[in-house]
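A.B. asks: A single structure is presented below for examination.
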Amino acid sequence: MSTTADRVLIADCLETYVDTLGSGRHKFNTEQGRRDVKVVHDWNNQHSVHTIVDPQTDAVYKPAGCRKPAKHVRYDLADEASCTALLRRAPGPDSFASGYLCVCLR
């Protein structure tokens, strides 16, 4: 169970992540769903899901489509090292690529 301080840090990590993605000409925002939080990319009147976050587990997923996440957890917002890696790998301004969310098979 997460403490209130943990929840604040997780919310800060998610806010920083969305701000990092949306710092250029591409706009990103969050949408609260019934079971998850979607990070949405709005560009030229198009609306696409960029990332899905499960608020119960704080897991970050690549979307499998508009409504559901892909199978494997990509990052964990509750883990400081994972959150730092997410922020470091997130694309900079003027990019919307989601390759950093792909799972590389070895």
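The values are calculated or read from the model by the stated rules, or taken from the named source; none is laboratory data. As the structure is a prediction and not an experimental result, all values here were calculated from the model. Note: ideal-geometry Cβ built from the backbone for every residue, glycine included; neighbour counts use all protein chains shown.
A.B. asks: Only one residue in 7, 88, 74 is surrounded by fewer than 11 Cβ atoms within 10 Å (Cβ to Cβ) and either under 11 Å from the mean Cα position of the chain (by Cα) or among the charged types (D, E, K, R) (or both). Which one?
C.D. replies: On the way: 7 fails: surrounded by fewer than 11 Cβ atoms within 10 Å (Cβ to Cβ); 74 fails: surrounded by fewer than 11 Cβ atoms within 10 Å (Cβ to Cβ).
Residue meeting the stated conditions: 88.
A.B. asks: Give just the number: which of (1) at pLDDT 90 or above; (2) over 13 Å from residue 14 (Cα atoms) does residue 59 not satisfy?
C.D. replies: Only one criterion in (1) at pLDDT 90 or above; (2) over 13 Å from residue 14 (Cα atoms) is unmet by residue 59, namely (2).
A.B. asks: Would you check which residues across segment 59-83 are under 15 Å from residue 6 (Cα atoms) and either touching a strand residue (DSSP E or B) at 6+ places or on another chain (Cβ under 8 Å) or β-branched (Val, Ile, Thr) (or both) and list them?
C.D. replies: Answer for segment 59-83, where residues must be under 15 Å from residue 6 (Cα atoms) and either touching a strand residue (DSSP E or B) at 6+ places or on another chain (Cβ under 8 Å) or β-branched (Val, Ile, Thr) (or both): 59, 76, 77, 82, 83.
A.B. asks: Could you please find all residues in segment 1-19 being free of Cβ contacts under 8 Å to residues at least 40 places away in the same chain and either in contact with a Leu (Cβ under 7 Å, 6 or more places away or on another chain) or hydroxyl-bearing (Ser, Thr, Tyr) (or both)?
C.D. replies: 3, 4
A.B. asks: In the set 87, 9, which member is outside any strand (DSSP E or B) and closer than 16 Å to residue 100 by Cα? Full working, then the answer.
C.D. replies: Numbers: 9 fails: closer than 16 Å to residue 100 by Cα.
Every option except 87 fails the conditions.
Conditions (1) touching a Cys at 6+ places or on another chain (Cβ under 8 Å); (2) free of Cβ contacts under 8 Å to residues at least 40 places away in the same chain; (3) not polar (S, T, N, Q), marked per residue:
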{"site": "21", "(1), (2), (3)": "no, no, yes"}
{"site": "38", "(1), (2), (3)": "no, yes, yes"}
{"site": "43", "(1), (2), (3)": "no, no, yes"}
{"site": "70", "(1), (2), (3)": "no, yes, yes"}
{"site": "82", "(1), (2), (3)": "no, yes, no"}
